[in-house]
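The values are calculated or read from the model by the stated rules, or taken from the named source; none is laboratory data. Fair warning: this is a prediction, and the values are worked out from it, not measured in the lab. Note that we place each Cβ from the backbone using ideal geometry, even for glycine, and neighbour counts take in every protein chain shown. Remember, those area values only see protein heavy atoms, side chains included, never the ligands or the DNA or RNA. Shrake-Rupley method; radii C 1.70, N 1.55, O 1.52, S 1.80 Å.
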Amino acid sequence: MSANLATVIEALVKRFDGQTTEGCATGETTLIVPVEKIAEAARVIHDEFGFNLLSSLTAVDYWPEENPRFHLVYRFTSIPNAQSLDVRAPVSGLQPFAPTIETVYHNANWNEREVYDLFGIKFEGHSDLRRILMPHDWEGHPLRKDYPLGYEEPQFTFNFDEIDVRKPYAKNRRAE
Amino acid sequence: MAQIEEVTLDGMTHLVSNRALEGETMLLNMGPQHPSTHGVLRLLLELDGETVLNAIPDIGFLHTGIEKNMEAKTYQKAEVMTDRMDYMNTVGNNLAYCLAVEKLVGLDVPVRAQALRVVLAELKRISSHLVWLGTSALDLAAMSDFMYTFREREMILGILEMVSGQRMMTTYIRPGGVWRDVPVEFEAAVRDLLKIMPRRIDEYESLLTKNPLFIDRTAGIGKISAEDAVNWGLTGATLRGSGVNYDIRKFAPYSGYEQYDFEVPLRTEGDVRARYLVRIAEMRQSVRIVQQAMDKMPMGPVRSNNRKFVPPPRSEIGTSMEALIHHFKLWTEGFNAPRGFVYSAVESPRGEQGVYLESDGGPKPFRVHFRNPSFDNLQVLPVMAKGFLVADLVAIIGSVDIVLGDIDR
Amino acid sequence: MGLEQKLGNMGVVTARLEDLVNWSRTNAMWPMLFGLACCAIEMMSAQAANYDMSRFGMELMRPSPRQSDLMIVAGRVSRKMAPVVRRLYDQMPDPKWVIAMGDCASCGGVFNNYAVVQGVDEVVPVDVYVAGCPPRPEALIHGVITLHEKVRRERMKDWA
């Protein structure tokens with residue numbers, strides 16, 4: 001981690017009353033900011049510190065913890081300064097809302113839709129918050145930890161016939 | 001099978017203009033089954049005559065639940081899933097994932113394994129660009145390139161099959177090194193390829209680069225400025241076609257890329273033709289990298305000696321009780337990674353292929369997220385396509401080089 | 001049988017209608033250009049110079065289901081894609097056949113989860129399953145030839 005990045009993180013910690021954490025033994029310092037300040041923080045990170053690319057935006061679910069249940073994980077990259085900044089924002093499971101950063105980084109649009117689709121975190125002020133990967137009428141948010149994987153029993157030689165009976169094979173003609 | 005429902009615009013009316021709702025402009029559905037969408041991409045086009053006013057991508061038709069499924073497998077077993085994500089860059093996906101695991105548990109990789117990783121990743125980059133060149137030229141009605149590029153691609157797949165036993169889904173790169181050392185024929189096969197490749201790239205270029213029909217279809221089409229490109233999160237050749245120098249291999253070198261001498265091709269036009277030229281130049285650079293890596297390929301082990309994370313070699317299992325125990329434990333329970341999270345990225349043929357990996361201290365990943373370049377690259381399509389013809393849209397989709405498996409995961 | 005001897009050298013060949021129809025069906029079987037995932041790349045390889053599926057009368061990949069006889073389901077079918085696959089199948093004119101190419105299309109493959117249909121035979125009736133992840137182009141060609149053999153054995157009374 002360059003000295004420059006350390007001062008950036010220090011300035012952001014002061015300004016948005018955040019904290020820092022270490023990812024792992026060899027990892028980088030990560031900044032934690034309260035979720036309600038993330039839009040403002042993103043604006044400052046983009047405009048003042050020159051992090052012009054949003055590399056990655058995702059979430060993590062810590063179920064069964066409720067408050068905070070989710071962490072939003074951002075990674076901003078500054079192409080001219082050749083450095084990257086990791087930011088996390090805890091989100092409560094009781095009110096999974098977060099402000100959007102779409103106006104600052106345009107590609108947050110789809111990334112936030114993906115987080116909404118798979119985790120059910122709603123982004124306030126988002127221009128087009130629809131499901132993106134799952135069908136529009138899907139129920140539940142698959143990447144939540146309390147959502148089952150949806151494992152089906154595999155067919156082996158010993159249980160082939162048993163499963164074959166209930167396997168819904170398709171027919172040529174549609175059942176009218 | 002349930003009755004197929006009527007397609008309606010419900011919930012999407014805010015995306016199209018009022019003119020479309022009044023019936024003045026036409027709404028056209030393109031895909032998910034369409035020959036030039038490179039997979040199962042669906043586009044909702046708003047057209048004024050033949051001019052594209054808006055293109056609304058609808059993705060998810062290939063959503064495979066890879067991220068969720070990886071949470072249910074141990075670190076080694078989850079790796080096979082990464083191959084099937086971006087299926088044109090299988091080696092690069094393995095590499096990105098293995099780098100993340102190695103960073104998380106603190107494994108070091110022998111130099112020979114690093115050099116082999118570079119060789120295979122670059123070969124796979126060439127093969128991915130060959131498929132891109134063949135199919136996107138096919139979209140512009142240049143049939144012969146498809147035949148030529150697939151001829152050379154078979155040679156690369158032959159090399160991959162030689163080292164791993166599989167043509168596409170190699171899973172050759174493993175946490176802590178590679179699966180096993182390459183066979184003796186490997187060097188000759190790669191040298192053969194390197195010898196013919198520069199001439200073959202000239203051959204593809206002679207068909208397209210100065211072809212007036214090709215220039216008409218590509219120059220000035222699908223323009224995007226450097227500033228927009230960065231703000232929309234573009235990476236890879238699509239970004240470098242707009243003149244932004246961002247290549248992870250130079251930006252944050254991994255796997256020993258800093259010791260190779262290569263350039264990052266840049267164009268400033270930001271149109272379809274610029275992206276085409278960047279990719280062609282990238283293939284030449286990849287040939288250069290492979291050449292250098294083969295020339296100074298170090299000898300030595302190809303797997304880390306850390307038995308807590310890397311299974312012992314087969315020869316030791318028969319003689320050492322400890323090796324047998326490690327082997328057994330690693331393939332039944334897997335290894336426990338320390339609690340924490342990492343992000344690591346590689347340069348895939350399409351851009352920044354990032355992996356966010358989080359561990360809760362157990363043998364299975366707690367959360368894996370892939371930052372896929374195509375996902376962000378496709379998002380910009382409405383911006384690029386606005387005001388061009390439907391025929392140009394096909395050229396633009398081809399030039400962005402999307403892989404639907406990469407987008408939908 | 002008699003008839004050939006009577007006709008002599010008039011250039012007439014007699015055959016059973018069944019055989020004739022099946023022969024013509026197998027030798028001009030147009031697959032639909034329908035790639036889903038990884039296997040689609042190997043399907044393209046099978047079409048390209050080294051493997052060249054046109055040796056079996058299959059060089060014409062039709063992008064439109066209305067013009068195709070054979071659907072090669074190349075890749076995993078997600079729950080979102082399944083209705084589309086069925087609709088495409090319904091749009092194909094009879095007689096039509098389906099090859100499930102690869103493990104994912106045959107049985108779900110390594111993806112046993114919420115998003116993937118566990119075998120495309122839950123959506124459309126499958127004639128030939130091709131194993132492999134992804135199958136080599138040779139394996140796909142073998143699958144096609146197996147399908148041809150199956151078609152040659154079809155009997156007139158079974159034609160709907």
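Details
- Segment A:GLU36-A:ASP128, length gained on full extension (0.36 nm per residue, minus Cα span): 31.1 nm
- Inter-chain Cβ neighbour count for A:49-59, averaged per residue, equals 6 (cutoff 10 Å, partner chain atoms only).
- Entry note, chain B: relative contact order of 25 percent, from Cα contacts under 8 Å with a spacing of 6+ residues.
- Taking Cα atoms only, the orientation of helix B:185-208 departs from the longest principal axis of chain B by about 10 degrees.
- The distance separating the Cα centre of segment C:100-143 from that of segment A:4-68 comes to 43 Å.
- With every protein chain in place, segment C:80-153: carbon and sulfur % of accessible area (1.4 Å): 57
- Note that segment B:301-307 has calculated 3J(HN,Hα) couplings of x, 10, 9, 4, 8, 7, 6 Hz, one per residue in order, obtained from phi through the Karplus relation 6.51 cos²θ - 1.76 cosθ + 1.60 (θ = phi - 60°); glycine and proline are x.
- By the helix-only formula, in which each DSSP H run with n ≥ 4 contributes -39500 (n - 2.57) and the sum is divided by residues, chain A has a 222 nm mean residue ellipticity of -7000 deg cm²/dmol.
- Normalised per residue, the accessible area of segment B:97-147 is 21 Å², obtained with a 1.4 Å probe and no contribution from ligands, DNA or RNA.
- Relative contact order of segment B:162-269, pairs being alpha-carbon contacts under 8 Å that are 6 or more residues apart, as %: 16
- The C-B contact accounts for approximately 3300 Å² of buried accessible area, totalled over both chains at a 1.4 Å probe radius.
- Nearest-ten-degree value, helix A:108-119 long axis tilted from longest Cα axis of chain A: 50
- Average accessible surface for segment B:275-377: 38 Å² per residue, computed with a 1.4 Å probe over protein heavy atoms with every protein chain in place.
- Gain on full stretching of the segment that runs from B:VAL383 to B:GLU71 - 0.36 nm per residue minus C-alpha separation: 108.8 nm
- Once the C-beta distance of B:MET143 and B:ILE196 is scaled by a Förster radius of 25 Å, the resulting FRET efficiency is 0.70 to the nearest 0.05.
- Over chain C, DSSP H runs of length four or greater, each weighted -39,500 (n - 2.57), average out per residue to a 222 nm ellipticity of -10500 deg cm²/dmol.
- Computed E for B:ASN306/A:THR103 - FRET, C-beta separation, R0 51 angstrom, nearest 0.05: 0.65
- Whole-percent carbon and sulfur share, accessible surface of segment B:241-305, 1.4 Å: 49
- Between B and A, buried accessible area from a 1.4 angstrom probe totals roughly 4000 Å², ignoring ligands, DNA and RNA.
- The modelled label-to-label distance between C:GLN67 and C:TRP23, using points 7 Å beyond Cα along the C-beta direction, is 2.7 nm.
- Relative contact order of segment C:71-119, taken over Cα pairs closer than 8 Å and 6 or more residues apart, is 49 percent.
- Using a probe of 1.4 Å on the protein chains alone, the accessible area found for B:TYR356 is around 10 Å².
- Distance from the C-alpha centroid of segment B:317-338 to that of segment A:111-131: 43 Å, rounded to the whole angstrom.
- Across segment C:10-103, counting alpha-carbon atoms alone, Rg and Dmax equal 15.5, 59 Å.
- Ranking by accessible area, most exposed first, for C:GLU18, B:GLU227 with a 1.4 Å probe: B:GLU227, C:GLU18
- Long-range amide H partners of B:PHE309 with built H, under 5 Å: none
- Largest to smallest accessible area among A:TYR116, B:TYR260 [probe 1.4 Å]: A:TYR116, B:TYR260
- Those lysines that a straight Cα-Cα span of less than 21 Å connects to A:LYS167, excepting residues fewer than 8 apart in one chain: C:LYS80
- Ranking by accessible area, most exposed first, for C:HIS142, B:HIS326 with a 1.4 Å probe: C:HIS142, B:HIS326
- Crossing angle, helix B:143-164 versus chain B [Cα axis fit, 0-90 degrees, rounded to tens]: 20
- Averaged per residue, segment A:1-132 has 38 square angstrom of accessible surface, using a 1.4 angstrom probe with ligands and nucleic acids left out.
- As a calculated quantity, the FRET efficiency between B:GLU227 and A:LYS14 at R0 = 30 Å, using C-beta atoms, amounts to about 0.50.
- Radius 10 Å from Cβ of A:ILE101, net charge of other residues (Lys, Arg +1; Asp, Glu -1): -2
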